[in-house]
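Q: Quick one: this structure, given as structure tokens, is what I'll be asking you about.
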Amino acid sequence: MKKLLTRIQSSGLKSLLLTVLLSYTFFSYAQDARTVSGVVTDETGFGIPGVNVVIQGTTTGTITAPDGQFSLDVENGKVLVFSYIGYVSQEVTVSGSSTVYNVQLQPDDKQIDEVVIVGYGVQKKSDLSSAVSTVKADEANKIAAASPGQMIQGRSAGVTVVNGGSPGSSPYIKIRGMSSFGDVQPLYVIDGIPGGDLAMINPDDIASFEILKDGAAAAIYGSQAANGVILVTTKSGAKNQDAKIDFNMYMGVQNATNTLPMANSAEWYDIMGQAYGNSVSDGSLTEGQKPAYLQSGSNFQLSNYANTDWQDETLRSAIVQNYSLGISGGGESSSYNFSTNYFNQEGVVINTGTERYNFRYKSTFEKGNLKVMPNVMYTHTITDNNTMSMPNMQKAFSLVPVYDESKASGYGYLNEFDIRSGANPLGQSTLLNSKTTKDQLQANLGLNYQITGSLFAAGNVGYTKNFYKNRYWFPAYILASDTQRQDPYLREYRAEWSDLNYDFTLNYMKTFGKHNFTLMAGIVGYKYDYQNVEMEVTGGAMFPDFGGLDPSFDGMESGDFIGNGGLATVTRFSYMSRLNYSYDDRYLIQATVRTDGSSKFGKDNRWGVFPSVSAAWKIHNEAFFEDYTDLFSELKLRASYGVLGRETSLGAYSRQALVQGGWWYVLNNTPVGGIGSFELANNQLAWEESKTMNIGLDFGLFKHKVYGTVNYYQNDSESLLLEEPNTPPSSGVSAPVVNLGTISNKGVELELGYRGKLGDLKYDLKGNFTTIKNEVVALGGKEGMLPGDDIAWAGSYTYSAVGSAASQFYMFQTDGLFQSQDQVDRYVGENGEKIQPNAQAGDVIYVDANGDGIIDSNDITEVGSPLPTFEYGFNVGLNYKAFDLSMFFQGVSGNKILNVNRYEMEAANSGYNVSSRLTNAWRTDNMNTDIPRNVIIDNNNNYMMSDRYLENGSYFRLKNIQLGYTLNSSLLSKMKLNKLRVYVNADNVFTITDYNGYDPEVIPVNALTQGVDHGNYPMYRTFTAGLQLIF
């Protein structure tokens, strides 16, 4: 605790608070006008928070508190204008001696339609004929999010978000299931610039997320949109508004949500005694083959050794802190928004953490028919990466002391009594260093020019530049008898890449009677440049401590140097058009065509065409529906079909036969090194395509007190890239990548909300539910199954096969434990022979899946899926007078997780520390258990990979809870503040799950290897307190 307080005191809190106070002093001003106050309510009499109250003809004003109260200094005779989205504005004249003005706003049915961002434009939500979800930042930004991607978890149906615990890591996001064997991450469009990095955005700067889920919504992005599109809009200033200062901060503590059951010294000693005793008893070992620490007459004394809890030594209470300062406003023809942010997150694993500095400027300027919109964002991030192997830490012997002054490194390790410890985890974390620095700049300039009343031109140029550096180094060290380096080492990897995006569109809008047309046509250009260089240095003089941005590889004075590098360029050019037509605000049609040409493909397949069409019927606007409009404020039926493309699974030069070193030739009977190619050129490579169908229903009941959306979707992804299955090994080249595979995803999405009030209590309830059914339809004639990655050096256990979902688990099935020798003897095949002849009581029963009387690889079968059957989220928002309370629940169901930690730690013969679960292993006096007997010689293969390590991954989680209090308007007026809110917050409050790992959220290794938990970094629980100021 003392160390924790010291770290808090050393934070930048004091200086940042000083900045706020100075800003407050600068922007405060005195007024002689009298103070008026009141309450703004809705049609039901309940207070409305956030209503703009402005003195007409000026930019002076305020906003209402959560209970609808306001207070403002106003001169007699002035007019107050009350405005709020979804309500008819009202004007009230301040006159006489009255100082209290209560106003009731009435709903404006025309404004209930919020405007949403779509690709290269905006639309009213009621005019959408495609599947678009909106996530507002004021709801999503409740959690202490290190990355904006965390904010949308569970907030939108069909969007899967999986978080990792490592500081600086980005969540894994996919939309409507796994649609490729390669990259499945969606396209991010930040303020109109495609291809951005979510991690560079300050979460406090985000105004909204728009998620384009079906083909009709996303087709305007063509070949980039097959995985879905997430549009991120940052906050803007407002015209005719005095400077407004927003300050938000929070500080808190994070702790690991769970720890693993590692055996302490006494438990380990007892487990080893059982394991060696059982192997001696069954004749697999002799007494003389026991290790020295178990030999009779040995002078080994357990009491002479440590009892280190390595999780306690390497996990910590970590500080997280965030400070955001924004200034916004505008004049008659301009607006601006400037913000800066500092975020610091210590990792719950020692010596890890991330620090981020963010600056953003966004503005608009209007002159006549011209509108100019510059936008600049810069982010600097420093991350201390985890250099300690988490699986090795979990297997570290408790007998090993943390420190040992007799050792050269100062860290303890053992090599005695046949005990050989691995690397000291704390020493590994301290002596091995890895630091990553990222500098990211995004700048864009948008232009709009109104040519005529119906025609306007728009253009946007965006440039993104990224600098990345990772430096990994360590001195000579000895952390165990088999973990040592005689020479210091330094590796530095540097990369920089840039994206140039530009687009130009002409937009025509016309209304003829009941007919309304909007036509957009344009061009889009893109260029991506990438280069990297890497240098390794081993040996030589010890390098000095590094500081700043070292411009050269001069960390070591001498030694063996190895270097390499690379570069790549990708270009793309596109034509696009979109037609929106509506008749009498009842029937809507949208058609989109985009044509993309990419340098990644050969001339025969360079161009791809991606069309879409959608239609909607506003049933609530039909004459025959008039009798039901008191019940239904909205009822809209939608349908869409679209074709989307994907090229992200390809490298810049995948179609070409690249040459590389490592080839040897014989010239004049002498081997000579040279270059060659292991690849075949393939100019027939084509786009991966997703053909999407969506049928949806949008509805609102009782003036939108109840509202929701239902979607049924089917996405068929075709021409997926796979290695050609019939390439003979004798060819001497690797199998070329060709368009072979097909995957189908289908499901139902439901989003439902209800808002209302009970007395002074106002509530807003929102929920979403998603089902996803994934199926591999074709592998292009590829026999067998498509394997995932090797798992724990034990082979592949995730496979994708035609007719099943992708990345299914295939392994041996088990059926409990043998409870007696008689049961072993009775487990026979058709020939009467024992199926497991080497088994004994307490060993694992393996299922003879094919019935041939033998347990072998032919019995490996499909045993579960890492893909959830359904996912859900539920948000509760409550307001009572000046208090507000929000709770967010989220979860998944129906998926399995392969717990690799158990596979590695529940084997008594591993040679390392083991799980304390093995204290519950089968014995004659402990038969009611699922853990087989402890052995050293595993004659029955109890410890081989099987469904024993496959666990239920379903979970239900209280993701966030936040309680806030906003000062009343009379106090705020005296303090010259518009808003002052304090709050306490908790993230990952509790999780209900049967899973035994660190956390049931497991980021996939890749698309083919999902649901595999190596226990690399624990999830954390966060408690914070925060402050929000507006003045």
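Q: What residue, of GLY708, GLY696, is under 26 Å from the mean Cα position of the chain (by Cα) and either polar (S, T, N, Q) or in a strand (DSSP E or B) (or both)? Explain how you work it out, then say what you get.
A: Numbers: GLY696 fails: under 26 Å from the mean Cα position of the chain (by Cα).
Only one candidate passes the filter, namely GLY708.
Q: Still on this structure, I have one more. Go through the residues of the stretch 338-356 one by one and say whether even a single one is of a type outside the set (Val, Ile, Thr), under 30 Å from TRP268 (Cβ atoms) and either free of Cβ contacts under 8 Å to residues at least 40 places away in the same chain or in a strand (DSSP E or B) (or both). Walk me through how you get there before you give the answer.
A: Looking only at the stretch 338-356, we keep the residues that are of a type outside the set (Val, Ile, Thr), and these are 338-339, 341-347, 351, 353, 355-356.
Keeping just the survivors that are under 30 Å from TRP268 (Cβ atoms) gives 347, 351.
Applying the additional criterion that residues be either free of Cβ contacts under 8 Å to residues at least 40 places away in the same chain or in a strand (DSSP E or B) (or both) yields none.
No, the conditions are met nowhere in the stretch 338-356.
Q: Let me ask something else. Determine which single condition GLY422 fails, assuming it passes every other condition in (1) more than 23 Å from GLN486 (Cβ to Cβ); (2) in contact (Cβ under 8 Å) with a residue 24 or more places away in the chain.
A: Going through the list (1) more than 23 Å from GLN486 (Cβ to Cβ); (2) in contact (Cβ under 8 Å) with a residue 24 or more places away in the chain, GLY422 breaks only (1).
Q: Same structure again: Condition check: among the aliphatic types (A, V, I, L, M) and either modelled with pLDDT of 80 or more or closer than 22 Å to SER324 by Cα (or both). Does ALA30 satisfy that? Give the steps one after another, and end with the answer.
A: Working: among the aliphatic types (A, V, I, L, M): yes; either modelled with pLDDT of 80 or more or closer than 22 Å to SER324 by Cα (or both): no.
Judged against the criteria, ALA30 is not a match.
Q: Taking the residues in the stretch 80-104 that are over 24 Å from ARG34 (Cβ atoms) and assigned to a loop (DSSP other than H, G, I, E, B) as candidates, determine which candidate is modelled with the lowest pLDDT.
A: Pass one, the stretch 80-104, residues over 24 Å from ARG34 (Cβ atoms): 84-88.
Subsequent filtering for residues that are assigned to a loop (DSSP other than H, G, I, E, B) retains 84-86, 88.
Numbers: TYR84: 78, ILE85: 67, GLY86: 64, VAL88: 81.
Applying the filter and picking the extreme gives GLY86.
Q: So, one more: Would you mention how many residues in the stretch 416-430 are part of a helix (DSSP H, G or I) and touching a Ser or Thr at 6+ places or on another chain (Cβ under 7 Å)? Spell out the reasoning first.
A: Taking the stretch 416-430 first, the residues part of a helix (DSSP H, G or I) are 425-430.
Next, from what is left, pick out any that are touching a Ser or Thr at 6+ places or on another chain (Cβ under 7 Å): 425-429.
Number of matching residues: 5.
Q: Out of ASN985, ASN960, ASN940, report the one residue that is in a strand (DSSP E or B) and either of a type in the set (Phe, Trp, Tyr) or crowded, with 22+ Cβ neighbours inside 10 Å (or both). Walk me through it before giving the result.
A: Details: ASN985 fails: either of a type in the set (Phe, Trp, Tyr) or crowded, with 22+ Cβ neighbours inside 10 Å (or both); ASN940 fails: in a strand (DSSP E or B).
Among ASN985, ASN960, ASN940, only ASN960 is in a strand (DSSP E or B) and either of a type in the set (Phe, Trp, Tyr) or crowded, with 22+ Cβ neighbours inside 10 Å (or both).
Q: Still on this structure, please answer the following. Scan the stretch 253-275 residue by residue and report those that are surrounded by fewer than 17 Cβ atoms within 10 Å (Cβ to Cβ) and either over 30 Å from PRO1000 (Cβ atoms) or over 42 Å from the mean Cα position of the chain (by Cα) (or both).
A: ALA266, ASP270, GLY273
Q: Please specify each residue of the stretch 296-348 satisfying the condition of being within 20 Å of ASN258 (Cα to Cα) and aromatic (Phe, Trp, Tyr). Spell out how you get there, then give the answer.
A: Restricting attention to the stretch 296-348, the residues satisfying the condition of being within 20 Å of ASN258 (Cα to Cα) are 308-320, 345-348.
If the condition is that a residue be within 20 Å of ASN258 (Cα to Cα) and aromatic (Phe, Trp, Tyr), then TRP310 is the only one that fits.
Q: Given the criterion closer than 30 Å to PRO787 by Cα, among the polar types (S, T, N, Q), touching a Gly at 6+ places or on another chain (Cβ under 6 Å) and in contact (Cβ under 8 Å) with a residue 24 or more places away in the chain, identify the matching residue among ASN745, ASN768. First the steps, then the outcome.
A: On the way: ASN768 fails: closer than 30 Å to PRO787 by Cα.
The unique qualifying residue is ASN745.
Yes/no matrix, rows are residues, columns are (1) free of Cβ contacts under 8 Å to residues at least 24 places away in the same chain; (2) in contact with a Leu (Cβ under 6 Å, 6 or more places away or on another chain); (3) of a type outside the set (Val, Ile, Thr):
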{"residue": "LEU885", "(1), (2), (3)": "no, yes, yes"}
{"residue": "PHE888", "(1), (2), (3)": "no, no, yes"}
{"residue": "VAL892", "(1), (2), (3)": "no, no, no"}
{"residue": "LYS896", "(1), (2), (3)": "no, yes, yes"}
{"residue": "ARG923", "(1), (2), (3)": "no, no, yes"}
{"residue": "MET927", "(1), (2), (3)": "no, no, yes"}
{"residue": "ASP930", "(1), (2), (3)": "no, no, yes"}
{"residue": "VAL935", "(1), (2), (3)": "no, no, no"}
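Q: What number of residues within the stretch 395-411 satisfy the criterion of being of a type outside the set (Ser, Thr, Tyr) and over 23 Å from THR259 (Cα atoms)? If you could, list the steps in order and put the result at the bottom.
A: Kept after step one, since they are of a type outside the set (Ser, Thr, Tyr), are these residues of the stretch 395-411: 395-397, 399-402, 404-405, 407-408, 410.
Okay, now just the ones that are also over 23 Å from THR259 (Cα atoms), so 404-405, 407-408, 410.
Of the residues in that region, 5 qualify.
Q: Filter the stretch 487-538 down to the residues that are touching a residue at least 40 places away in the same chain (Cβ under 8 Å), outside any strand (DSSP E or B) and surrounded by fewer than 17 Cβ atoms within 10 Å (Cβ to Cβ) and list them by number.
A: ASP487, LYS514
Q: Then there is this: Identify the residue in the stretch 355-376 that is more than 21 Å from the chain's Cα centre (by Cα) and crowded, with 19+ Cβ neighbours inside 10 Å and, among all such residues, is nearest to LEU431 (Cα to Cα). Before the answer, list the steps.
A: Start the filter on the stretch 355-376 by keeping residues that are more than 21 Å from the chain's Cα centre (by Cα), which leaves 359-376.
Of the ones still in play, those that are also crowded, with 19+ Cβ neighbours inside 10 Å are 360, 362, 364, 373, 375.
Details: ARG360: 37, LYS362: 44, THR364: 51, MET373: 49, ASN375: 43 Å.
Checked the stretch 355-376; the qualifying residue nearest to LEU431 (Cα to Cα) is ARG360.
Residue by residue, here is whether (1) farther than 30 Å from ALA144 by Cβ; (2) among the small types (Gly, Ala, Ser); (3) part of a loop (DSSP other than H, G, I, E, B) holds:
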residue	(1), (2), (3)
PHE889	no, no, no
ILE897	no, no, no
ASN901	no, no, no
GLU904	yes, no, no
ALA907	yes, yes, yes
TYR912	yes, no, yes
LEU918	yes, no, no
ASP930	yes, no, yes
ASN934	yes, no, yes
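Q: Of all the residues that make up the stretch 276-296, how many are farther than 16 Å from GLY842 by Cβ and surrounded by 12 or more Cβ atoms within 10 Å (Cβ to Cβ)?
A: Within the stretch 276-296, the first condition is being farther than 16 Å from GLY842 by Cβ, and the residues that meet it are 285-296.
Those still in the list that are surrounded by 12 or more Cβ atoms within 10 Å (Cβ to Cβ) too: 285, 289-295.
Here the count works out to 8.
Q: Now for a separate question. Looking at VAL81 and the list (1) out of contact with any Pro (no Cβ under 7 Å at 6 or more places or on another chain); (2) β-branched (Val, Ile, Thr); (3) under 16 Å from LEU977 (Cβ atoms), which single condition is not satisfied?
A: Going through (1) out of contact with any Pro (no Cβ under 7 Å at 6 or more places or on another chain); (2) β-branched (Val, Ile, Thr); (3) under 16 Å from LEU977 (Cβ atoms) one by one, VAL81 breaks only (3).
Q: For the stretch 263-320, how many residues meet the condition of being farther than 30 Å from ALA146 by Cβ and part of a loop (DSSP other than H, G, I, E, B)? So that I can check it myself, show each step before the final result.
A: Filtering the stretch 263-320 down to residues farther than 30 Å from ALA146 by Cβ leaves 263-308.
Those left that are additionally part of a loop (DSSP other than H, G, I, E, B): 263-264, 282-286, 290-291, 295-301, 305-308.
Final tally of qualifying residues: 20.
Q: Of everything in the stretch 781-823, what is more than 28 Å from the chain's Cα centre (by Cα), closer than 20 Å to ILE854 by Cα and in contact (Cβ under 8 Å) with a residue 24 or more places away in the chain? Give them in sequence order.
A: Hits for the stretch 781-823 are MET811, PHE812, GLN813, THR814, ASP815, GLY816, LEU817, PHE818.
Q: Does ALA144 satisfy the condition of being within 21 Å of ALA218 (Cβ to Cβ) and crowded, with 21+ Cβ neighbours inside 10 Å?
A: Numbers: within 21 Å of ALA218 (Cβ to Cβ): no; crowded, with 21+ Cβ neighbours inside 10 Å: yes.
Taking the combined requirement at face value, the residue does not satisfy it.
Q: Going through the stretch 598-610 one residue at a time, which ones are closer than 23 Å to ASN580 by Cβ and surrounded by fewer than 18 Cβ atoms within 10 Å (Cβ to Cβ)? Reasoning before the result, please.
A: Of the residues in the stretch 598-610, the ones closer than 23 Å to ASN580 by Cβ are 609-610.
Matches in the stretch 598-610: VAL609 only.
Q: Out of (1) over 26 Å from ASN774 (Cβ atoms); (2) touching a residue at least 60 places away in the same chain (Cβ under 8 Å); (3) surrounded by fewer than 19 Cβ atoms within 10 Å (Cβ to Cβ), the odd one out for ASN850 is which?
A: Condition not satisfied by ASN850: (2).
Q: Please verify whether VAL232 is farther than 24 Å from GLY964 by Cα, modelled with pLDDT of 90 or more and outside any helix (DSSP H, G or I), treating the condition exactly as stated. Give the derivation first.
A: Numbers: farther than 24 Å from GLY964 by Cα: yes; modelled with pLDDT of 90 or more: yes; outside any helix (DSSP H, G or I): yes.
Criteria met by VAL232.
Q: While we're looking at this one, here's another question. Checking VAL863 against (1) outside any loop (DSSP other than H, G, I, E, B); (2) among the aliphatic types (A, V, I, L, M); (3) closer than 22 Å to SER281 by Cβ, which single condition isn't satisfied?
A: (3)
Q: ASP204 - would you say it is within 30 Å of ASN52 (Cβ to Cβ), part of a helix (DSSP H, G or I) and either at pLDDT below 95 or more than 32 Å from the chain's Cα centre (by Cα) (or both)? Walk me through it before giving the result.
A: Numbers: within 30 Å of ASN52 (Cβ to Cβ): yes; part of a helix (DSSP H, G or I): yes; either at pLDDT below 95 or more than 32 Å from the chain's Cα centre (by Cα) (or both): yes.
Against the criterion (within 30 Å of ASN52 (Cβ to Cβ), part of a helix (DSSP H, G or I) and either at pLDDT below 95 or more than 32 Å from the chain's Cα centre (by Cα) (or both)), ASP204 qualifies.
Q: Another one. Checking the conditions here, which among VAL738, VAL776, VAL748 is of a type in the set (Val, Ile, Thr) and either assigned to a loop (DSSP other than H, G, I, E, B) or surrounded by fewer than 18 Cβ atoms within 10 Å (Cβ to Cβ) (or both)? Working first, answer last.
A: On the way: VAL738 fails: either assigned to a loop (DSSP other than H, G, I, E, B) or surrounded by fewer than 18 Cβ atoms within 10 Å (Cβ to Cβ) (or both); VAL776 fails: either assigned to a loop (DSSP other than H, G, I, E, B) or surrounded by fewer than 18 Cβ atoms within 10 Å (Cβ to Cβ) (or both).
Just a single option satisfies the conditions, and that option is VAL748.
Q: May I ask you to list pairs of residues, at least six apart or on different chains, whose Cβ atoms are under 6 Å apart, with the first in the stretch 239-256 being touching a residue at least 24 places away in the same chain (Cβ under 8 Å) and part of a strand (DSSP E or B) and the second being surrounded by 19 or more Cβ atoms within 10 Å (Cβ to Cβ) and among the acidic types (Asp, Glu)?
A: Qualifying pairs under 6 Å: ASN248/ASP204.
The values are calculated or read from the model by the stated rules, or taken from the named source; none is laboratory data. As the structure is a computational prediction, the values presented were derived from the model and not from experiment. Glycine gets a Cβ as well: all are built from the backbone with ideal geometry, and neighbour counts include every protein chain shown.
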